[in-house]
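Here is the structure we will look at, set down as C-alpha cells.
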Ligand SMILES: Nc1ncnc2c1ncn2[C@@H]1O[C@H](COP(=O)(O)OP(=O)(O)OP(=O)(O)O)[C@@H](O)[C@H]1O
C-alpha cells in the first residue's frame, strides 16, 4: 500500500517526509518505554535508589523533548500535506489527461474523470495523511515495543510476537470478509435504489390501482434487500469482534505470564510492572489497526480508480514529430477504422481529399460515418489502416499540439463558459485585437447577436451558454474558429430545427469560413443551403464513400445525394409550412 501511494504521487518527497516523521515518532515512543524499565527497577524496591534512576530520567527527558520537537515539526507538515498532495496528484492527472486521445472523452470517462479529479484525489490525499500515518504508528510502535521487551524478558517478547502473528491473521481475515460484505452491501444498495426508482416511476399505475406505497411484491423485494443488508452488516461485524478478542486475549496472556514470572521469582515486581506497561503500549496501537482497516480499504479503492485513469494510454507520439505544415490539405487514403469496443468498422477503405479554399460537405444517413471522418482528422482516434494526412503529413507524425493549433471544431452542441462573449471568443486567441474580434464576429454573423444583447460584448452568456440559443452558440463557435485563424475547420451543422434567421446566418457564416483561400472547411451538412454552397460533396453509407463530386454533378447523377437532398428539402418545406 505504502509503495502504491509512493508510486502514485509525482513528487513523493512530502509524503516521504510525513511518513518518516510519523515513523520516527512511533519508534521514539517505543524507545522511551525502554527508559521506564531501569527507572522502575531503581524506584520500586524496599529502598528506592534515586541516584540510579536519575541518568535514565534525564535520558527520558531528552527523549520527551525530541518527541515534542518531532511533533512540532510534523503537525504543520500533516496539516499542509493533504492539500498539497491533492494538488500534486490533480496536476499529474490533468497532465496525463491532456495527452489522451480526444476519443477517450466519452460521457462515461468524463464522469470518471470528474469523480477522479474531485472526490477520489482529494479523499486519497486526505486518507494518505489521516490513515496512512496512524497505520504506520500502529505498526512501528508495537514493533519497537517488541524489540524493547526482548531486553527485559524474552518470554514476554515471544508472547508479543505470537499475539502479533495471530492479530495479523485476524486482520487479513477481517479485511477479506469485510471486502466481501462490502461488495454484497453495494449490490444490495444498488438493488434497493433500483426498486426505489421503480416505485417512483410506477407511481401513476400504482396510485390508479390503490397501491401508492408499492405492491406486496415490491415490499417483499425490499424486505429481501434489507435482509441482505442486515446479514452483510452482521458478517462485517464478526471479524471485528474476533480481532478485538485476539487483542484482549493477548493482554490476558501477558497478565498471566507476568504474574507467573513474578510468583516464580524469575522477575522482580518492578520488572512485572514494566512488562505490563509494555504490554499495554504494544496492544493498544495494534488494536487500533482494525479501526483503520475500513478507511485503508476505502483508500485502496480510491487509489485504484486514480491509477486506472493514469493507466489510460496516451496518444502515441512520433519520436521526431513534424511541428508544422505548409498547406491545410486533408487527405484520407484507404482509411479503415473500428471504434474501441465496436463490433463493425465505422469507416471502410475511405479515400477522399479536401483542398484549402474549399468547403467539403459530408452527407449520409445517421451512423454512416460522417462524424468519424471529422474525428479522425482531429486525431481523436488513430486509424486501424490507411492514412489521414494533413498538408501531406500523416497526422500520427504531427506534433499533437501543432495539429490542434491548425484545427477548430464547431460542434452541434457548442459549450460556452459562463463568462462574457468577449472572453468566450478570446479563448481562441487571448491576444487578439479589437479589430480582429470584431471582424471575426462579423464574419460569423455574431455581430448582430451582440448588438441585441443588453451589455453587448460584455454580456455574460450564463452557465454553458444558456443565455444564447443553439444557433447563436454555433455562431460564437464559428467566430472562435475564425479568430483562431485555424486553417482547418470542422463543422457539425445543427441538425435540429433553427429559426429562419439563425439558419440563414449560420449558412452564411459557414460560407464565410470557406472564403479564406488557405482554409479547408469540412462540414457535416444537414441543410440544403449548406449543401448547395459546398464545393465538394462526399456521400457516405455504412462507413463507405458511395459517391463524391460537386453538388451539381451529384444532383444530375440522381444517386443517394440527390435523394437525400430531396428529403432535406421536403423536411424544410414541412417545417416552414408548420411554422407558417
Ligand atoms: N464512440 C463510439 N464508440 C463506438 N461506436 C461508435 C462511436 N461513435 C460512433 N460509433 C459508431 O460508428 C458508426 C459511425 O458513426 P458516426 O457517428 O460517424 O455516424 P454519423 O454519420 O456521424 O451519424 P449521425 O448523423 O447520427 O451523427 C455508427 O455505427 C456508430 O454507431
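Values computed for the structure shown
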item: Residue list for the range 327-348, filter: within 15 Å of the ligand (Cβ to nearest atom) and touching a strand residue (DSSP E or B) at 6+ places or on another chain (Cβ under 8 Å); result: 332, 335, 336, 337, 345, 346, 347, 348
item: Lone unmet requirement of (1) over 29 Å from the mean Cα position of the chain (by Cα); (2) closer than 30 Å to residue 139 by Cα for residue 353; result: (2)
item: Single residue of the range 509-542 satisfying the filter (closer than 13 Å to residue 482 by Cβ and out of contact with any helix residue (DSSP H, G or I) (no Cβ under 7 Å at 6 or more places or on another chain)) that is nearest to the ligand (Cβ to nearest atom); result: 514
item: Per-region count, the range 543-566, residues within 13 Å of the ligand (Cβ to nearest atom) and surrounded by fewer than 17 Cβ atoms within 10 Å (Cβ to Cβ); result: 2
item: Residue 375 vs. criteria assigned to a helix (DSSP H, G or I), modelled with pLDDT of 90 or more, crowded, with 16+ Cβ neighbours inside 10 Å and in contact with a helix residue (DSSP H, G or I) (Cβ under 8 Å, 6 or more places away or on another chain); result: yes
item: Some residue of the range 313-321 being part of a strand (DSSP E or B), more than 8 Å from the ligand (Cβ to nearest atom) and in contact (Cβ under 8 Å) with a residue 12 or more places away in the chain; result: no
item: Exclusive hit being surrounded by fewer than 24 Cβ atoms within 10 Å (Cβ to Cβ) and at pLDDT 90 or above, set 429, 460, 487; result: 487
item: Single unsatisfied condition, residue 98 versus (1) surrounded by 13 or more Cβ atoms within 10 Å (Cβ to Cβ); (2) under 30 Å from residue 316 (Cβ atoms); result: (1)
item: Flag if residue 352 is part of a strand (DSSP E or B), surrounded by 14 or more Cβ atoms within 10 Å (Cβ to Cβ) and either within 11 Å of the ligand (Cβ to nearest atom) or not assigned by TED's automatic domain parsing to the domain that holds residue 399 (or both); result: no
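Condition check ((1) more than 14 Å from residue 337 (Cβ to Cβ); (2) within 16 Å of the ligand (Cβ to nearest atom); (3) crowded, with 16+ Cβ neighbours inside 10 Å; (4) within 28 Å of the chain's Cα centre (by Cα)) across all residues:
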| site | (1), (2), (3), (4) |
| --- | --- |
| 363 | yes, yes, yes, no |
| 368 | no, yes, yes, no |
| 391 | yes, no, yes, no |
| 395 | no, no, yes, yes |
| 398 | yes, no, yes, yes |
| 408 | yes, no, yes, yes |
| 418 | yes, no, no, yes |
| 424 | yes, no, yes, yes |
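The values are calculated or read from the model by the stated rules, or taken from the named source; none is laboratory data. All values derive from a computational prediction rather than experimental measurement. All Cβ positions, even for glycine, are placed from backbone atoms using ideal geometry, and neighbour counts span all protein chains on display.
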